[in-house]
Structures are given as structure tokens and as C-alpha cells.
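The values are calculated or read from the model by the stated rules, or taken from the named source; none is laboratory data. A quick note: this is a predicted structure, and the numbers were derived from the prediction, not measured. Here the Cβ is made from the backbone with ideal geometry for all residues, glycine too, and neighbour counts use every protein chain on show.
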Amino acid sequence: MPNTVQVAQLLELVASYLPKDDQAVILAAYTYAQTSHAGQQRISGEPYIIHPLATALTLAEYHLDRDAISAALLHDVPEDTGVTLREIKRQFGETVARLVDGVTKLAKVRLKQNWQASYRGSHTDHGRENFEAFERHVETLRKMFLAMSHDIRVVLIKLADRLNNMETLASLSPDKQRRIAQETLEVYAPLANRLGIGQLKGRLEDLAFPYAFPDDYTWLNHQIHLEIGQRQRSIERLRRILLKRLVAIGIRAEAHARTKHLYSLWKKLLRHDRDLGKIHDLVAARVIVPTVEDCYRALGLVHQMWKPLPGRIKDYIAVPKPNGYQSLHTTVFGLGGAITEIQIRTPDMHRWAELGIAAHWAFKEGDQPTFRHKRTTRQRPVSRDKLVWIKELAKLHRNFEDPTEWTQNLQLDFFEHRIFVFTPHGDVLDLPTGATPIDFAFAVHSDLGRHCIGAKVNGKLVPLSYPLGSGDIVEILLNKKNTPKQDWLRFIKTNRARTLIKRDLQMTSAALDKSGGSRV
Ligand code: MN
């Protein structure tokens, strides 16, 4: 069995934070998945089970709960084997089945094939338009992803699933590699970022970068080759000097050098004429101190030791980033005048920066941060209701300077009020909850609405008043002689449909009045 090592690893990991009966359920889920996928291989030639195992392992590193780990193990079972969701529900219960179903449904969130033309040609006028359309498309996909997930664990499973798919991307065709890599950069990594999981965002982006932009990747690697080593040595010296001085003023600090992720470095370079000399945080010194007060004291000390560059001091503690990131950043003329970025934060802030929303599972509430970043063995109960987790998210961010920015970034209202449906060509439309085929038709094109005589949802005929649901594929049946009916106004939900229907009705009645008048 080539996968015994991974199984042992997974079981050991979950044993470190879950009770015995939860461990037993996870083992049962593994055995079940292993049997269901028996004989199946990934394109790489590996036994299929390696993939769900890797997905579960990532989530176990975040200390996710029993149901999430079980669902991760089972996530490809209904899609790829003869086993139905009902069977999974019978064996593992409602929650696991719901999580698996959620992950399966998210497969519909797919980047359109023609992204590359849109992305590349963004300097021309026509290209600009295409690019904006592309941006709207990916934004809709991100919203749809969140709206369809309902449970934060579905998102986390899907992100872990994608991480493993990126790790094994080499075995796919170049076409697929490019599409999947771009999808990762445009949909998955931004979602990881919005949930504050910096670690995962960085890993996803760096795995996708060489496939999505191979030339730029090669160029950048060549550029930083010498630079990184040199800057790391300089930061290492600065780090030791700084630690001594912090201890001298009574602050127990930890410090390390952090190297910027390649993809985010490249994005930054694009904004700075590709000039590495203008990037001051290629390698930065990261200082972790016990309390918020210590953060500001440490900043004061740093500025006494090295002159700060004007305008480069950022207080993300007082004003956190929209995804909850907190730290003090400053850029100083460091050793030998070398321009150096220093980041100062508490262990709590550090955990949020790395784990984001996943920190919820990894550390129990009120756990006092320690200097070893020790993981606790008890986990917090997990909220199952989507409303609860949305509130949890909101609560985590209640200190925001500008709460509307956070709301916009996470599109919280989309969870409650929006649905995402597909045209038969796979285009995604974003409509209010309760929208009907008529709303859909008018959203696509006014003529499609006007001449609509029937609709199929997921291949089945439905009434025109049928309330659509997220993930539905909607096909409109037409008759060119048909005009809008008064009756439609009773059930439609969008203003666009209402306005267009009323206009048509007025035109029709005006025409009738006219013809009626001429008869008298
Ligand atoms: Mn999968």
C-alpha cells in the first residue's frame, strides 16, 4: 500500500486533538473512501485515494472537526464512484453528506475557457473591455463560490482539495494546467485571502504562478537568485541585534526573516516598473512580541535604532486590513543603510495572518498565546448554522475602521439574498432569491424575456413562476409571437423584468386603444 504513510500521518494528527470516537469515524470514512475508489487512479498514475487523503491531511493540520475531515476523505466519492449521497448520509450522517454535497456542487464554479485572451490583451481599448468583462466574470464566480457553500467547512475542504490538485498539476495537459492555474489565481487564492488564510493563499498562488505565467516566473526566479541570499544574510544580522535590544528593555520577543511569496512579489513588481530595487520587503524581519503594548514599544525602539523612511509606517493594528490582518509595518534604513522592512505583531495576530478563519478550529477560545505557538488539544465547538458562522466572521472583524469595506469584500449579503444560476452555455447569472425563469430571461436579453413561453430547469419543464435555486441550469423556450403577460408581474422579482414588462404592456394597450378608437 503506497498510502500507508499518509494514513498513519492523518490518524496520528487527528489523535492529537480529537477524542477516540471521532478518530474511529475518520478511520471508517477513510476505509469507505478507499474501498469506493479501489482500482481508480489519478492521471499521475497514483491510486486515487492519495488525493482525498492529502485533502484531509491539510484540514487536520488546521485541526478541523470530525465531520469536515470525514467529508474531505469522501469528497470525490459520489462524483467518481457508484456510491450515492444517500448512502453516505446513512453511513456518516446528515452533516457529512451535506458537506460532501456542497463540495461536489462547487465543481460548477469554473472559469470560462477563454480567460487568457481577456487577460493578455488588457492594454488595448477592446482588450480593456474584455478584461473588465473577465473581471466581472471572476468576481461573480467568487461570490457564487461563497453563496453556494453555506458552511465555511465546505470552502475549506474545497481549498484543501484545490491545493492538492495544484501540487499534482504537472500530470495534466498544458491547456488544463493553464486554465486550472488561472482559476486558482482568480477564484481560490482571493477567497483564501478574504478568509484571512494567508498561508494557503501564498501556497496556492506560488503553485499556480509557473503554469499561468511561465515566462514571468522564469524571469523572476532569475532576477531574485542572488538578491534573496544577500538580503537574508543582512536581515539575519539585524534580527540578532534587534532581539538583544528588545530583551534589554524587557520584551520577550521572537523574530525571524520572512521571504515574500513569489507570486505576490511579481504582482508588486508589476506596479513598480519591474525594478527589484524598489521592493523593500523581498525579505522582511518579522518580530513577535507578547502584547499590543509591546508592539508599539518595539516600534519605538526600532525607530531609535534605525531611521524610518517617511510615509512607510503602517499601523494595521489600529486599522486592520479588510481581511482582518493586523501588524505594525515600518521600513527603516537598517544595517549599512540597507532599506529594510520590519513587521511587528502579537502571536494572536500572527496566527490570524497565517490561518485566518481556520484559526477558529485550530485554537480554542481564550487560549493564551505562548511563544512556541503551541497548539492546544481541545477544540472549539463548531457552529453548524451558516448564519452563525457569518456572524462569527462579522464579530471577528467588528473592530474595523470601515465595516462597509469588509462587508463588500466578503459580500455577506450575497449569502442571504442572492442565487447563482447558469445559462446552457455555462455563463453565470447573479439574481435575487426567489427569481423566476422570467427574471432570468430578461436578465440575459430583453427579447428572450419578451418572447418567453416556457422554461426548463436542469432539463425539466417548470412553470414560469418557478423559484430558481443556486446551481440551476436554466433554458428558455421561445416563441417570437409571444408578448409579456400582465400575470407575470405577480411573481417576478427583478426590477429589470418589471420595467421591461410594464413598458411592453403599455405599448400593447396603447396599440389596442388606437385600433379600438379607429373602429368607432
Ligand atoms: Mn477532489
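When the residues of segment 326-346 are filtered to those that are more than 21 Å from residue 297 (Cβ to Cβ) and touching a residue at least 60 places away in the same chain (Cβ under 8 Å), which remaining residue is surrounded by the fewest Cβ atoms within 10 Å (Cβ to Cβ)?
Of everything passing the filter in segment 326-346, 336 is surrounded by the fewest Cβ atoms within 10 Å (Cβ to Cβ).
If you go through segment 32-73 one residue at a time, how many are touching a helix residue (DSSP H, G or I) at 6+ places or on another chain (Cβ under 9 Å) and not in a loop (DSSP other than H, G, I, E, B)?
25
When the residues of segment 58-84 are narrowed to those that are free of Cβ contacts under 8 Å to residues at least 60 places away in the same chain and over 18 Å from residue 38 (Cα atoms), which ends up surrounded by the fewest Cβ atoms within 10 Å (Cβ to Cβ)?
Filtering first and then ranking leaves 61.
Please work out if residue 30 is away from the ligand (no atom under 16 Å from the Cβ), under 21 Å from residue 168 (Cβ atoms), among the aromatic types (Phe, Trp, Tyr) and touching a residue at least 12 places away in the same chain (Cβ under 8 Å). Steps first, please.
Details: away from the ligand (no atom under 16 Å from the Cβ): no; under 21 Å from residue 168 (Cβ atoms): yes; among the aromatic types (Phe, Trp, Tyr): yes; touching a residue at least 12 places away in the same chain (Cβ under 8 Å): yes.
No; evaluated as a whole, the condition is false for this residue.
Just checking, which of 66, 98 is away from the ligand (no atom under 14 Å from the Cβ) and either touching a strand residue (DSSP E or B) at 6+ places or on another chain (Cβ under 9 Å) or closer than 30 Å to residue 139 by Cβ (or both)? Outline the logic, then answer.
Numbers: 66 fails: either touching a strand residue (DSSP E or B) at 6+ places or on another chain (Cβ under 9 Å) or closer than 30 Å to residue 139 by Cβ (or both).
Exactly one of 66, 98 is away from the ligand (no atom under 14 Å from the Cβ) and either touching a strand residue (DSSP E or B) at 6+ places or on another chain (Cβ under 9 Å) or closer than 30 Å to residue 139 by Cβ (or both), namely 98.
Restricting attention to segment 491-515, and to residues there that are among the polar types (S, T, N, Q) and in contact (Cβ under 8 Å) with a residue 12 or more places away in the chain, which single residue is surrounded by the fewest Cβ atoms within 10 Å (Cβ to Cβ)?
Filtering segment 491-515 for residues among the polar types (S, T, N, Q) gives 494-495, 499, 506, 508-509, 515.
Restricting the remaining residues to those that are in contact (Cβ under 8 Å) with a residue 12 or more places away in the chain gives 494, 508.
Numbers: 494: 19, 508: 13.
Going through the qualifying residues, I end up with 508.
Does residue 49 fit the bill of being within 15 Å of the ligand (Cβ to nearest atom), buried (at least 24 other Cβ atoms within 10 Å of the Cβ) and under 20 Å from residue 170 (Cα atoms)? Let's see the steps before the verdict.
Working: within 15 Å of the ligand (Cβ to nearest atom): yes; buried (at least 24 other Cβ atoms within 10 Å of the Cβ): yes; under 20 Å from residue 170 (Cα atoms): yes.
For residue 49, the condition - within 15 Å of the ligand (Cβ to nearest atom), buried (at least 24 other Cβ atoms within 10 Å of the Cβ) and under 20 Å from residue 170 (Cα atoms) - is met.
Do you know which residues across segment 178-188 are of a type in the set (Asp, Glu) and either within 16 Å of the ligand (Cβ to nearest atom) or modelled with pLDDT of 90 or more (or both)? Reasoning before the result, please.
Step one: filter segment 178-188 for residues of a type in the set (Asp, Glu), giving 183, 186.
Scanning segment 178-188 gives a single hit, 183.
Quick check: is even one residue across segment 193-207 within 16 Å of the ligand (Cβ to nearest atom), at negative phi and not aliphatic (A, V, I, L, M)?
no
Could you name every one of the helices (runs of 4 or more DSSP H) located completely within segment 79-171 that has at least 1 residues being within 18 Å of residue 193 (Cα to Cα) and modelled with pLDDT of 75 or more?
125-149, 152-167
In this structure, does residue 175 turn out to be away from the ligand (no atom under 16 Å from the Cβ) and of a type outside the set (Lys, Arg)? Outline the logic, then answer.
Values: away from the ligand (no atom under 16 Å from the Cβ): yes; of a type outside the set (Lys, Arg): yes.
For residue 175, the condition - away from the ligand (no atom under 16 Å from the Cβ) and of a type outside the set (Lys, Arg) - is met.
Which members of segment 466-490 meet the condition of being part of a loop (DSSP other than H, G, I, E, B), in contact (Cβ under 8 Å) with a residue 24 or more places away in the chain and surrounded by 14 or more Cβ atoms within 10 Å (Cβ to Cβ)?
466, 467, 468, 469, 470, 471, 472, 484
Could you grab me the full set of residues in segment 274-306 that are at pLDDT below 95 and of a type in the set (D, E, K, R)?
If the condition is that a residue be at pLDDT below 95 and of a type in the set (D, E, K, R), then 274, 275, 278, 281 are the ones that fit.
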